[in-house]
Amino acid sequence: MRKLFSVILILTLTAGCKTSFKSGFRDFNAYYNTYYNAKKSFNSGEEKSEEQQRNYNTLQAIRIHETPMGAGSGEFQNAIDKGADILRKHDDTKWVDNALEIIGKSYFYRQEYFSADQKFDELFISSEDPEMKQKAVFWKGRVLLELEAHNQGVQYLTEHLALFDGEWKGSLEAQVRAVLGQHYVERENWVNALDQLTISVRYLPKRSYKERGYFLIGQLYENLGNNEEAYDAYDQVGKNYTNYDLQFEAKKKKAEVARALGRSDDAYRVFSSMVRDDKNTEFVSELNFELGKTEQDRGNYAKAREIYTSILRDRRNRPDEITKAKAYNGLAEIYRFHFNDFERAAAYYDSASSSNAKREELPEDFNAEEFAQSFGDYARLKDEIHLQDSLIWMGSLSEVEFDSVLAELERKKREEIARLQREQEARRNTLINVNAPSAQNNSGENQERNGFLNYKNPVMLTDAAQQFNAVWGGRPLADNWRVSSILVNQIVENEEGEGTNTQAGVTQANEVFVSIDLSRIPFTPEDQDSVREEISKLNYELGNLFFLSLNLPDSAEYYFKKVIEERPNSNVVPVSLYSLSELYILNGDTLKATEKGEELLENYPSSIYADRVVEKYNLSPPEVTDKVELSPTEVFISISNDETLNEKQRADSLLVLEKSIRGSSIGAKSLQFAIDSYITLAKEDSLFSSNISKWNEVNQDWVSTQKDFKAKQDSAKYILSDSTSAATDSLFAISILDSTLTTPDLSPYFPYQGVYWDSTRSKVQLYLAEYSSFENVVLIRRLNAEFEPPKSQVADTVVSQIEDPGVALREGYLSCEDIDQEVFIRGGMQQFLSLIELPKNVTEDQISFLFFFNTRGVIEEFKLSSDTQNKELIDEFVTKIDANITFDPVLVDGSASNIQCEISFPISQ
């Protein structure tokens with residue numbers, strides 16, 4: 001019996017050892033055949049992901065656990081495949097939980113968040129290991145963070161923090177709280193976010209997590225206005241150094257917070273030390289801006305201006321677009337608040353708003369575009385007031401005084417034209433080293449790549465063009481130009497018989513005929529009174545600008561009072577009184593506000609503003625026997641300033657007014673303001689911003705395509721004209737000249753579509769029909785051209801000859817249509833036509849040319865614009881135009897302008 005028991009015991013022990021051995025072998029086999037390789041691939045992918053360079057936008061809250069950017073995608077896929085092998089082939093081993101974790105994390109780093117979410121749910125449900133469950137909670141929290149499911153994330157993490165309370169393993173609780181804090185950050189719940197982050201940050205497992213965690217805490221304290229705590233948090237970032245860029249930003253933030261705390265000296269020391277650090281060379285402009293900002297905050301405005309200006313002029317360390325925008329904005333603030341130079345502030349605000357910096361990368365309080373508009377309006381109004389004052393002054397002069405002033409103005413205008421001519425000549429004389437060695441060598445390989453005479457290399461073509469212009473200047477592209485230029489130099493004998501070599505061009509500049517537009521000068525008392533009324537309106541607009549846009553009530557009060565005191569009978573006195581009462585109410589001075597209301601009620605009881613003050617201040621309305629009808633100007637001002645109206649109501653009211661006074665100047669202004677309101681309404685469409693960006697992009701691409709195509713054809717023409725060109729180059733050039741360019745159909749991208757844009761177009765057409773002679777018609781024409789829908793192009797439409805994309809209206813030139821003036825040929829059209837010798841068999845009744853002439857009336861370029869086919873006729877006109885035509889200078893607003901104009905010449909048989 002004892003022997004039988006022993007045998008059974010031995011057999012039992014042997015069987016147990018065999019089972020344990022098999023289990024251990026399966027685990028061993030699964031680890032080294034699959035899990036080891038899966039983990040190795042994952043670690044390799046994770047290393048690549050963490051090493052990927054990141055740019056931090058510290059104007060937004062940064063992440064502690066960063067969003068994956070796609071690096072290591074192949075390694076993560078390999079880890080997924082190896083992990084899946086474990087689940088398929090070794091599902092009875094202890095590595096199943098680890099395989100699920102690796103698969104989920106690999107999906108996460110591959111940005112396949114829904115697949116990752118499923119794996120972490122599976123891990124949480126299937127695992128019996130508490131630590132694995134907690135890891136699943138942490139990673140699912142990160143998945144929800146990337147999916148921007150922040151409400152769900154807060155709820156899920158809060159519940160599981162409570163579920164495992166007191167049972168968390170290692171640093172997992174700190175990690176989960178950090179992820180929960182980041183969910184709160186995305187919900188802009190700064191207080192709850194700080195509660196979680198301040199508890200967890202010191203226990204995070206990596207220094208990089210702590211570094212980013214303290215930085216995020218500093219940002220949140222800044223948002224809450226707690227700069228002392230923010231300063232301490234940024235200081236902690238430096239004690240957890242892993243990333244130089246973040247350390248750099250932390251130092252900047254620390255100095256900025258010190259500046260906000262009034263510790264400008266500390267801020268200046270930090271920024272100065274950063275400027276001296278050789279590692280910060282690429283950030284010198286940005287740091288210098290911070291030094292300028294610190295000086296500005298310390299009240300050293302002249303020093304701040306000097307720093308800002310040096311940043312913008314520094315050719316060695318050129319500032320990026322963000323720094324340029326902030327430097328221009330800083331200069332604008334200095335001129336606005338310290339020097340009270342609003343005109344210059346307007347210019348700097350305009351420069352700041354015109355930079356290419358992305359709006360999201362600029363400070364939240366960066367309002368350069370808005371201020372550029374407001375201060376630009378100020379500069380415009382001040383200039384117009386000055387002009388109107390000058391016109392009244394000239395109109396009040398005696399005849400002798402007037403002639404003297406007119407002669408002086410003509411002299412100054414001639415000097416201005418001569419100065420422009422000298423500047424143009426100076427530009428032509430720019431020194432360029434024409435013998436500079438080429439950046440490209442002339443090896444056979446380069447010649448093959450760049451083509452004959454490097455015509456395929458745009459850099460070398462540009463360099464060659466600059467050298468050509470440096471030698472030859474803007475010489476005319478005409479035969480015998482050398483002889484013509486020699487004949488221009490004339491020997492003029494002086495009275496003593498001595499010869500002086502004088503440039504005819506200078507003589508002409510001194511003898512240029514200048515005409516001054518006298519049509520706006522008010523000579524009669526009635527005209528002068530009308531101008532004074534216009535000045536009162538402009539002063540009211542200035543007051544309104546200071547009141548509503550610039551938030552400068554003292555300046556607004558000055559201009560409203562100026563209107564009332566200088567011209568008590570002005571049409572804008574009632575609205576000025578009403579505006580003063582509103583201003584006093586906002587300043588808390590009810591007594592003064594009531595006084596102005598009573599003054600308005602007493603002197604202008606029939607105005608619409610009288611009704612408003614009666615209701616606002618509970619005043620007794622006076623008895624009015626004869627109701628005085630409001631003037632159109634008063635109605636227009638009332639509608640424009642009525643803040644109770646929305647844009648649609650304002651537009652409708654202005655259109656009703658315009659219809660009742662159609663053809664008048666107030667009618668034109670009412671219609672223009674209605675157009676502006678419709679444009680504002682149309683732009684409120686949420687898709688308009690992206691649509692207009694796409695429209696500009698595709699148009700720019702088409703313009704670039706045309707330019708590139710034209711440049712290739714120009715190079716091809718040059719190659720074919722050169723008898724030394726190789727046969728292969730000539731064949732290539734012919735193929736380019738024979739090629740065509742398909743015109744794209746841009747109509748699907750047209751952004752000005754919808755009800756309000758249709759209304760805008762109809763009102764623009766109405767303005768052009770009814771107010772074509774008014775001064776703002778140039779602006780309306782441009783709006784009409786911009787809002788005109790493009791014609792849908794058929795697919796096979798081609799363009800074989802590409803003209804310069806800017807020919808429609810060349811930059812720096814005004815068209816005859818825009819200025820609404822005729823241009824005159826010196827000596828007259830008939831005198832020129834008398835020089836034309838018509839060839840035989842001419843069937844055309846006219847020929848047209850497009851002219852580009854400068855401020856002196858000298859033709860800089862002209863080209864055939866009609867479809868004339870008779871070559872002899874064209875050659876005759878080209879020769880005679882080149883030799884005989886100049887134009888009278890065209891004055892626009894008192895200044896000579898470059899003009900682009902098409903002129904047709906009648907042909908008499």
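Quick query: amide H of Glu860 versus all other amide H atoms, modeled in the peptide plane; which residues come in under 5 Å with a sequence gap of 5 or more or a different chain?
Placed amide hydrogens put Phe852, Phe853, Asn854 under 5 Å from Glu860.
Report the one residue of Ile217, Phe164, Gln182 whose Cα lies farthest in the direction of the positive end of the charge dipole of segment 146-220 (charges on C-beta: Lys and Arg +1, Asp and Glu -1; origin at the Cα centre).
The one lying farthest along the dipole's positive direction is Ile217.
Tell me the label-point distance for the pair Leu87, Glu228, using the 7 Å Cα-to-Cβ offset, in nm and rounded to one decimal.
Here the answer is 5.4 nm between the modelled labels.
Go through segment 267-277 residue by residue and turn each phi into a ³J(HN,Hα) via Karplus (6.51, -1.76, 1.60, θ = phi - 60°); whole Hz please, and just put x for glycine and proline.
The phi angles translate into 4, 5, 5, 5, 5, 4, 5, 5, 5, 6, 6 Hz.
So which lysines can Lys293 reach, going by Cα to Cα under 25 Å and dropping same-chain residues fewer than 8 places off?
Straight-line reach from Lys293, under 25 Å: Lys251, Lys252, Lys253, Lys254, Lys279, Lys303, Lys324, Lys326, Lys358.
Quick check: net charge around Ile199, other residues with Cβ under 10 Å of its Cβ, Lys/Arg +1 and Asp/Glu -1? Mind showing how you got there, number by number?
Numbers: positive: Arg177, Arg202; negative: Glu173, Asp195.
Local charge sum for Ile199: 0.
For labels at Ser620 and Glu817 in the simple 7 Å Cα→Cβ model, what's the distance in nm?
Modelled inter-label distance: 6.4 nm.
Which FRET efficiency value, to the nearest 0.05, is calculated for Ile385 and Leu864 with the Förster distance at 60 angstrom and r the Cβ-Cβ distance? Working shown, then result.
Values: r = 47 Å, r/R0 = 0.78.
With R0 = 60 Å, the Cβ-Cβ based efficiency is 0.80.
Among Thr843, Ser815, Val892, pick out the residue whose Cα is farthest towards the positive end of the charge dipole of segment 814-906, where Lys and Arg carry +1 and Asp and Glu carry -1 on C-beta, about the Cα centre.
Selected residue: Thr843.
With a 10 Å radius around each residue's Cβ, average the other Cβ atoms per peptide and rank 748-754, 323-329, highest first. Could the numbers behind the result be given before it?
Numbers: 748-754: 15.9, 323-329: 24.4.
With the highest mean Cβ count within 10 Å placed first, the list reads 323-329, 748-754.
Distance in nm between label sites at Asp245 and Gln424, each 7 Å beyond Cα in the beta-carbon direction?
5.0 nm
If you place +1 on the Cβ of every Lys and Arg, -1 on the Cβ of every Asp and Glu, and leave all else neutral, what size is the dipole of segment 814-906 about its Cα centre, to the nearest 20 Debye?
Values: 6 positive and 17 negative charges, 69 e Å.
Here the size comes out at about 320 debye.
In terms of Cα to Cα distance under 29 Å, which lysines are near enough to Lys648, apart from those fewer than 8 places away along the same chain?
Within the straight-line cut-off, Lys648 pairs with Lys537, Lys616, Lys659, Lys669, Lys683, Lys694, Lys763.
Placing +1 on the Cβ of each Lys and Arg and -1 on the Cβ of each Asp and Glu in segment 74-155, which of Gly74, Asn151, Ser126 has its Cα farthest towards the positive end of the resulting dipole?
Gly74
Cross-link candidates for Lys880: which aspartates and glutamates have Cα within less than 13 Å, leaving aside residues fewer than 8 places away along the same chain?
Counting by Cα, and skipping residues close in sequence, Lys880 has these aspartates and glutamates nearby: Glu837, Glu872.
For segment 640-718, just the Cα atoms, rotate onto the principal axes and tell me the three extents in Å, largest first.
For segment 640-718, the Cα extents along the three principal axes come out at 63, 33, 16 Å.
If you place +1 on the Cβ of every Lys and Arg, -1 on the Cβ of every Asp and Glu, and leave all else neutral, what size is the dipole of segment 114-208 about its Cα centre, to the nearest 20 Debye?
Details: 11 positive and 15 negative charges, 88 e Å.
So the dipole magnitude of segment 114-208 works out to roughly 420 debye.
Stretched out fully, how many nm does the piece from Tyr36 to Glu770 gain, at 0.36 nm a residue minus the Cα gap? Intermediate results must be reported in sequence, preceding the final value.
Values: separation 734, 0.36 × 734 = 264.24 nm, distance 8.32 nm.
Gain in length upon complete extension: 255.9 nm.
Express in nm, to one decimal, how much length is gained between Ile516 and Val656 on full extension, taking 0.36 nm for each residue of separation and deducting their alpha carbon distance.
So the chain would gain 46.5 nm between Ile516 and Val656.
Where nothing but the Cβ of Lys and Arg (+1) and of Asp and Glu (-1) is charged, how large is the charge dipole of segment 525-617 around its Cα centre, in debye to the nearest 20? Could the numbers behind the result be given before it?
Values: 9 positive and 18 negative charges, 49 e Å.
In debye, rounded to 20, segment 525-617 gives about 240.
Which GluC sites (Glu not before Pro) in segment 127-187 pass both tests, a DSSP loop state and at most 14 other beta-carbon atoms within 10 Å? Provide the component values of the computation, followed by the final result.
Values: sites: Glu128, Glu131, Glu146, Glu148, Glu159, Glu167, Glu173, Glu186; in loops: Glu128, Glu148, Glu167.
Taking segment 127-187 and a limit of 14 other Cβ atoms within 10 Å, the loop GluC sites (Glu not before Pro) found are Glu128, Glu148, Glu167.
Output needed: percent of Cα pairs per 5 Å distance bin for segment 814-906, bins running from 0 to the one holding the longest distance.
Over segment 814-906, the share of Cα pairs per 5 Å bin runs 3, 13, 25, 25, 17, 10, 5, 2, 1, 0 percent.
Which order do Trp393, Trp139, Trp190 take when ranked by solvent-accessible area (1.4 Å probe, heavy atoms of all protein chains), largest first? The partial results should precede the final answer.
Details: Trp393 135, Trp139 20, Trp190 60 Å².
Output order, biggest surface exposure first: Trp393, Trp190, Trp139.
Just to verify a number: FRET efficiency for Asp527 and Gln155, C-beta to C-beta distance, R0 = 51 Å, to 0.05?
Numbers: r = 76 Å, r/R0 = 1.48.
Once the sixth-power term is evaluated, E becomes 0.10.
Of the accessible area of segment 163-314, with the probe set at 1.4 angstrom, what percent is carbon plus sulfur?
On the way: 2850 of 6990 Å².
The C+S portion of the solvent-accessible surface of segment 163-314 is 41 percent.
Take the Cβ-Cβ distance between Ser690 and Gln60 as r, set R0 to 22 Å, and report the resulting FRET efficiency rounded to the nearest 0.05. Intermediate results must be reported in sequence, preceding the final value.
Working: r = 21 Å, r/R0 = 0.94.
For R0 = 22 Å, the calculated efficiency reads 0.60.
Length gain on complete extension for the stretch Phe402 to Trp702, per 0.36 nm per residue less the alpha carbon to alpha carbon distance?
On the way: separation 300, 0.36 × 300 = 108.00 nm, distance 5.44 nm.
My answer for the length gained is 102.6 nm.
The values are calculated or read from the model by the stated rules, or taken from the named source; none is laboratory data. Note that the structure is predicted; figures quoted are calculated from it, not measured. Note that each Cβ is placed from the backbone with ideal geometry, even for glycine, and that neighbours are counted across all protein chains shown. Only protein heavy atoms, including side chains, enter the accessible area calculation; ligands, DNA and RNA are left aside. Shrake-Rupley method; radii C 1.70, N 1.55, O 1.52, S 1.80 Å.
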